[in-house]
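> Pasting a structure here, questions to come.
Read the figures in this text as sums done on the coordinates, not as results from a lab. These numbers were taken from a predicted model, which means no experiment stands behind them. Positions of Cβ are generated from backbone atoms using ideal geometry, with glycine treated the same way; all protein chains shown enter the neighbour counts.
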């Protein structure tokens, strides 16, 4: 399989979040593919379920030869290895790894939607993504990431560390 350019969002709001993001990067580099670029880390207020600690987020640009389904399985294994236990949607977590974009692929299955459907409405996703790929074109909206950030309806505070 030819290598494909993938963008992942890492998030954590439990434990030593910055260390956990680093550990996730190490696992991703070993098990998914070469990390081309990593954004800065960003701190943001919790989104969706707001009565929890702030999140630390980071976007990785990765080159992989895995299929989207293989990558999803690999990422879920990494989450479990780092201590993730799924309890409540949008709840606190040690680590969360989302596939944001997979080249120009548009995919919708019961278990995986690419591009991630929340990109356009989440500043904590768009800010780190715009840092490393501002001119990248979203395959559904056909807008650049920079333009999507300008139009983002989410106004929660997101701070680059």
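> Which residue, 128, 139, 115, tops the fluctuation ranking in a GNM of the chain built on C-alpha contacts under 10 Å?
Comparing 128, 139, 115 in a Gaussian network model of the chain, the most mobile one is 139.
> Under 20 Å from a point 7 Å along the Cα-to-Cβ line of residue 34: which residues of region 129-145 have their amide N that close?
132-133
> If the elastic network links every pair of Cα atoms under 10 Å, which of 60, 100, 136 fluctuates the most in the Gaussian network model of the chain?
Among 60, 100, 136, the largest mean-square fluctuation in the Gaussian network model of the chain belongs to 136.
> Also: Can you pull a Stokes-Einstein diffusion coefficient for the chain at 25 °C (0.890 mPa s), Rh from Kirkwood over Cα pairs, as a whole number of µm²/s?
Working: Rh = 15.7 Å.
Reported coefficient: 156 µm²/s.
> Using a 10 Å cut-off around each Cβ, can you sort 65, 30 from fewest to most neighbouring Cβ atoms?
30, 65
> Still on this structure: Per 0.36 nm of contour for each residue apart, how much would the distance between residue 85 and residue 107 grow if the chain were fully extended, relative to their Cα-Cα spacing? Walk me through the numbers before you get to the answer.
On the way: separation 22, 0.36 × 22 = 7.92 nm, distance 2.61 nm.
Extending this stretch completely gives an extra 5.3 nm.
> Using Cβ contacts closer than 10 Å as the measure, can you line up 74, 141, 64 from fewest to most?
Values: 74 18, 141 14, 64 21.
Lowest to highest Cβ neighbour count: 141, 74, 64.
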